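Presented below is the structure to which this report refers.
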Amino acid sequence: MSEIAGPAAAALASLCPDDLIFLQALPKAELHAHLNGSIPIKTILELAQQYSPSTAAQTTEVADTLEKLRSGVVVFNEIDDFFSLMPTIYALTSTPEAVTTVTRAVLQSFLNPTGDGAESPQCTYLELRTTPRATTHMTRERYLTVVLEEVEMYPATQAALIVSVDRRMSDLDLEECVSLAIEMKNRGRRVVGVDVCGDPRRGDMESFTRHLSRVKGAGLGLTVHIAECTENTTEDSLALLSCRPDRLGHATFLSDELKAEHYKPCIEICLSSNLLGKTAASLEAHHIHYYLKNDHPIVICTDDALPFRTSCLGEYSLLLAQPPLGLGLSRGDVARVARMGMDAAFLRPCD
Ligand code: 6MZ
């Protein structure tokens, strides 16, 4: 059972051994990876063995989702095909023990040597993000503490946490999550930023600004998923941009006027996610070309390695491989992109 499949695997397989060595040795920052979307398939299947669903419908749903993930044939026709996977993943990760297990596995998958003959890990520095989740087994604070305990096992030069808030959150939940992020940072815990994520077709971003405006003042970085699908309006983007985020997730459908703003937040580019999620028709049509051409900072990221069956190496292969499998960038340009990514970290690896 190969961990990586799809466009990233095809690009990776097309590279010569020298290119592979070059990509493996390149210092890379992974700045857009969702914890519960990045769980190694082996870990999620192990958790499923200990899980006993309470209803027949739950049993069927869990079995269906796991089969899709295991076989690597999740069919993505619309963004809902991604979000519909989450209830199963959340059902399997609802206790503090399960959160510890998945966080440890995700950190290891990014930061420990890959074990495929390479000495180097997938990335040099990881800013993992997650949405604090309250369940019958834990509060949001406990969830975050459990995740941070694992993140802080690694040196600050290697791993840090971004607290995500979901577009569907109520005012009260949002208030709690942003306050938690700020309090954790003030207590010296390794929270470095806040992210806005979740179903891009939901939520009123205007009402989020009051909470998001507290983030940067508290010394945290701010990143927001923005203009991820065609339904996102200019008003939605303007509300998010009014908080002056340091980085933007996807920005696929950001209007040309907003793209050309003189303020140039780094764009978190997730090629496999956009191709498989069908928000980009092809590599040729991908918005990365605009940002490369205009010398706009970008960082190359995996987003959700579990459903999109990718890795940091796979995403960088998409830059280096020759068209149509990749963008055909030179090694010099790929190295420049990787440096931009390292420079966009909220907590600089050299801090
Ligand atoms: C928007 C996404 C996402 O936070 O539970 N998430 N939000 N767009 C995407 N593009 C595909 N991929 C993941 O990780 C899972 C959560 O991250 C957000 C969703 O809210 C998802 O429920 P955590 O660790």
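Throughout, read-outs are computed from the coordinates displayed, never taken from laboratory work. Source: prediction; values computed, not measured. Please note: Cβ atoms are built from the backbone with ideal geometry, for glycine as well, and neighbour counts cover all protein chains shown.
Can you sort H289, H32, H296 so the residue with the fewest Cβ neighbours within 10 Å comes first? Each step should come with its number before you reach the end.
Numbers: H289 12, H32 28, H296 17.
Ascending number of Cβ neighbours within 10 Å: H289, H296, H32.
Ordered by the number of other Cβ atoms lying within 10 Å of each residue's own Cβ, fewest first, S179, S164 fall into the sequence S179, S164.
With helices as the sole contributors, the chain gives -13000 deg cm²/dmol at 222 nm; each DSSP H run of n ≥ 4 counts as -39500 (n - 2.57), and the sum is divided by every residue. Between the residues G332, P265, S311, the greatest Cα displacement towards the positive end of the dipole of the range 249-351, with unit charges on the Cβ of Lys, Arg, Asp and Glu, is found for G332. With both labels modelled 7 Å from their Cα along Cα-to-Cβ, the R168 to R104 distance reads 3.0 nm.
Put a plus charge on the Cβ of each Lys and Arg, a minus charge on the Cβ of each Asp and Glu, and nothing anywhere else: the dipole of the chain about its Cα centre is then about 620 debye. Past 28 Å, Cα to Cα, is the threshold; run K185/K293; K185/K264; K42/K278; K216/K259; K68/K259 against it and keep the listed order. Pairs exceeding 28 Å: K185/K293; K68/K259.
Only Lys, Arg, Asp and Glu carry charge here, each on its Cβ (+1 for the first two, -1 for the last two); on that basis the range 1-141 has a dipole of about 340 debye about its Cα centre. For H32, the amide hydrogen comes within under 5 Å of the amide hydrogens of T302, D303, counting only partners 5 or more places away or on other chains and with H modelled in the peptide plane. Take each peptide in 156-163, 57-64, 97-104, count the other Cβ atoms within 10 Å of every residue, and average; sorted highest first, the result is 156-163, 97-104, 57-64.
Add +1 for every Lys or Arg and -1 for every Asp or Glu among the other residues with Cβ under 10 Å from the Cβ of G249, and state the total. All intermediate terms of the calculation are to be shown ahead of the outcome.
Values: positive: R129, R247; negative: D195, E228, E268, D303.
Around G249, the charge tally is -2.
Electrostatic bookkeeping for R202 treats Lys and Arg as +1 and Asp and Glu as -1; over the other residues with beta carbon under 11 Å from its beta carbon, the sum is -2.
Note on R190 and E206: the extension gain reaches 2.9 nm, defined as 0.36 nm multiplied by sequence separation minus the Cα-Cα distance. Rounded to the nearest 20 debye, the dipole size of the range 213-351 about its Cα centre is 400 debye, using +1 on the Cβ of Lys and Arg and -1 on the Cβ of Asp and Glu. Here the spin labels are modelled as points 7 Å beyond Cα on the Cα-Cβ line, and at K264 and D18 they lie 3.1 nm apart. Projecting label points 7 angstrom from Cα along Cα→Cβ for R70 and T95 puts them 2.1 nm apart.
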